[in-house]
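Every number in this text was worked out from the coordinates using simple rules, so none of it is lab data. Owing to the predicted nature of the structure, the values given are computational and were not obtained by experimental measurement. A quick note on method: Cβ atoms are made from the backbone with ideal geometry, for glycine too, and the neighbour counts reach across all protein chains shown.
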Amino acid sequence: MERKKKVAVLLSLSSLLVGTILFGGTLLGEASLQEGSSSHFVDTATHSDAEIIYDVTSADKSIALTFDDGPDETTESILNVLQEYQVKATFFVVGENCRQRQETVKRVFQSGHEIGNHTYTHLRFRGKTQERVVEEIAKTNQVVYELTGETPKFFRPPGGTINDMIKVAAKRENVKIVLWTAEEDSRDWRNPGVSWIIKNVTEHAKEGSIVLLHDGGGPRRQTLQALPTIISILKKKGYHFVTISELLQKEVKVLRPEELLK
Ligand SMILES: [Zn+2]
């Protein structure tokens with residue numbers, strides 16, 4: 001235990017230093033690199049103040065697995081794997097799927113996983129009104145509350161779409177927008193092959209990452225098959241798995257150089 005504590009302190013110190021260097025502007029490549037690899041701009045230096053969560057500057061080797069588009073036919077099998085490996089994850093659920101698979105939603109919650117909101121109909125935002133977006137978030141919050149007694153705190157817009165209308169709607173429904181770490185997009189929704197999914201997730205893992213996976217929206221056998229190996233490899237690398245709420249609690253404040261000298 002003592003050694004673990006020391007490692008944790010070292011890790012949090014190194015996180016602070018990395019954060020400081022980033023803030024100081026000497027490692028500007030990070031932000032532009034992530035921008036190039038994704039349609040979502042990730043400002044690593046200031047993300048802790050941003051309205052949108054892409055990752056967290058974590059004090060230790062915590063990582064968050066997230067599953068979108070369920071509950072669906074593969075969700076129960078994914079829950080079995082998570083149970084076997086004693087891993088906690090976050091499920092961004094589609095409200096109308098929750099109505100159809102109520103027992104699965106209850107199991108997700110009772111197993112200690114977190115439930116986030118992914119709209120009611122997996123909404124495509126083009127041409128939709130503000131009221132419609134608010135309604136989609138509210139209806140999903142409602143069904144999750146009916147089934148679990150808890151209202152989701154986090155919202156992931158389908159497709160990772162971000163605009164002012166979505167931000168306002170999320171604020172109105174009191175949910176914080178969570179996307180994912182740019183390099184941690186498993187692209188499993190394309191069914192690119194089990195080994196491809198494993199490689200992409202495990203090679204890019206870093207402390208505080210939010211990993212995007214899918215338990216619904218199409219056949220998810222590849223994701224299911226990749227999951228035990230992903231978990232095993234990351235555990236061997238020293239990672240432990242947390243929900244989004246838990247990951248946010250691990251967040252270390254990024255200090256400016258002048259604050260470090262005080
Ligand atoms: Zn989705």
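Overall shape: prolate for the stretch 144-226, with the ratio a/c of the largest to smallest alpha carbon gyration tensor axis at 1.5 or above and a/b above b/c. Close amide H contacts of G116 (hydrogens built in the peptide plane, cut-off under 5 Å, sequence separation of 5 or more or a different chain): F91, F92, V93.
Distances between placed amide hydrogens fall under 5 Å for V178 paired with I53, F155, R156, all partners being 5 or more residues away or on another chain. Available extension along the chain between E73 and K128 is 16.9 nm, counting 0.36 nm per residue and deducting the alpha carbon span. 3J(HN,Hα) couplings calculated from phi for the stretch 106-123 with the Karplus curve 6.51 cos²θ - 1.76 cosθ + 1.60 (θ = phi - 60°) are, in sequence order, 4, 5, 3, 5, 5, 7, x, 7, 9, 10, x, 9, 10, 6, 7, 10, 6, 4 Hz; Gly and Pro show x.
Working ranking of peptides 105-115, 233-243 by packing, defined as the average number of other Cβ atoms within 10 Å per residue, highest first, is 105-115, 233-243. Computed log10 I(q)/I(0) for the stretch 124-189 at 0.13 Å⁻¹: -0.39, from the Debye equation with unit scatterers placed on every C-alpha and solvent omitted.
Taking a ≥ b ≥ c as the square roots of the Cα gyration tensor eigenvalues, with a/c under 1.5 meaning rounded and otherwise prolate when a/b beats b/c, else oblate, which class fits the stretch 82-170? Prolate, because a/c is 1.5 or more and a/b exceeds b/c.
Between Y145, V133, N200, the Cα set farthest toward the positive side of the dipole of the stretch 114-212 (charges on each charged residue's Cβ, about the Cα centre) is that of V133.
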